[in-house]
Every structure is written in C-alpha cells, then in structure tokens.
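Single-structure report; data block below.
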C-alpha cells in the first residue's frame with residue numbers, strides 16, 4: 001500500500017449512519033491495531049498520508065503522483081525479478097496465516113517448501129548466488 005503526500009483517508013460510513021462494510025472493520029484491526037481502528041471508525045475523521053504511514057496503513061509516501069508511480073513500478077520490477085514460485089508461495093503463506101495459528105503455518109510452509117525443492121527456480125537461484133550473478137527465472 002502506497003500513497004502520494006496529498007492522499008486523504010477516512011472511514012466515512014459513520015457519518016451516513018451505518019457501520020463500515022466491505023471488510024474495513026474486519027481487516028484494519030490487523031493493520032492499524034484495534035485502538036486506532038476504533039478511533040477512525042467512530043469519528044470518521046480524515047487523515048493524511050503521513051499519518052497513514054505512521055499507523056501502518058501505507059508502506060511508503062511519495063512526494064507526488066509521478067513519484068508514486070515511479071516508486072511502485074520500481075518495487076514491482078524488483079518483485080518480478082524474483083522466482084515466480086517463491087513469490088507465489090510467499091503470497092500463499094501470508095494469506096494462510098491470516099486465519100491459522102503459528103504452528104499450523106509452520107507445518108504448512110514446511111510442506112510447501114519441501115515440494116518447492118523440486119523446482120528449477122531453486123537451482124537457478126543457488127547457481128546465481130554462487131556465481132554472484134542475477135538469476136534469470138522462467139515464468
């Protein structure tokens with residue numbers, strides 16, 4: 001999650017007489033914490049990008065829209081250079097952990113990674129690391 005400095009955020013449903021829907025109240029406590037969520041949901045107040053960053057709602061703030069696009073495209077390129085299998089597995093593990101215990105997650109990632117030991121991506125990554133080169137993964 002990224003924002004330009006002039007971005008504004010709020011949970012406005014309270015101002016129109018309803019509880020926030022589409023997952024706001026379900027997801028935000030895991031991101032910003034219960035106390036901050038309650039303040040924002042009960043007041044409906046607007047807050048800017050720097051506050052959003054300080055509470056963990058956004059990862060980075062860029063000076064303007066152009067810088068935002070350039071910054072997130074750099075991040076996307078960095079991710080795209082990684083093993084597609086490793087990125088997919090990481091996404092799956094993070095999603096799995098939303099609703100499971102740490103022990104369940106450790107067991108699941110062990111099973112996942114044992115299957116990934118058979119992938120060509122692992123061999124490519126190790127060879128690139130050993131030769132101090134950038135890996136070239138097949139999508």
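Here, each number is a calculation from the coordinates, and none is a lab measurement. These numbers come from a predicted model, not from an experiment. Neighbour counts are summed over all protein chains in view; Cβ atoms, including those assigned to glycine, are modelled from backbone coordinates with ideal geometry.
A compact table of results
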| read-out | value |
| --- | --- |
| Ascending count of other beta-carbon atoms within 10 Å, so fewest first, for 24, 88, 101 | 101, 88, 24 |
| For the chain, calculated [θ]222 nm from helices alone, where every DSSP H run of n ≥ 4 adds -39500 (n - 2.57) | -18000 deg cm²/dmol |
| Cα gyration tensor category, rounded, prolate or oblate, for region 82-130 with a/c compared to 1.5 | prolate |
| Cα gyration tensor shape for the chain, rounded if a/c is under 1.5, else prolate or oblate | oblate |
| Region 1-125, relative contact order [Cα under 8 Å, separation at least 6], % | 27 percent |
| Between helix 34-43 and the chain: long-axis angle, C-alpha atoms, 0 to 90°, nearest 10 | 40 degrees |
| At R0 = 25 Å, FRET efficiency that the Cβ-Cβ distance of residue 132 and residue 79 yields, to 0.05 | 0.70 |
| Extension gain, residue 43 back to residue 123 (0.36 nm per residue minus Cα-Cα distance, nm) | 23.5 nm |
| On Cα atoms only, tilt of 65-80 relative to the major axis of the chain in degrees | 30 degrees |
| Net length gained if the chain between residue 64 and residue 104 were fully extended (0.36 nm per residue, minus Cα distance) | 10.2 nm |
| 0 to 90° range, to nearest 10: angle between helix 102-116 axis and the chain longest Cα axis | 40 degrees |
| Separation in nanometres of the label points that stand 7 Å from Cα toward Cβ, at residue 31 and residue 10 | 1.8 nm |
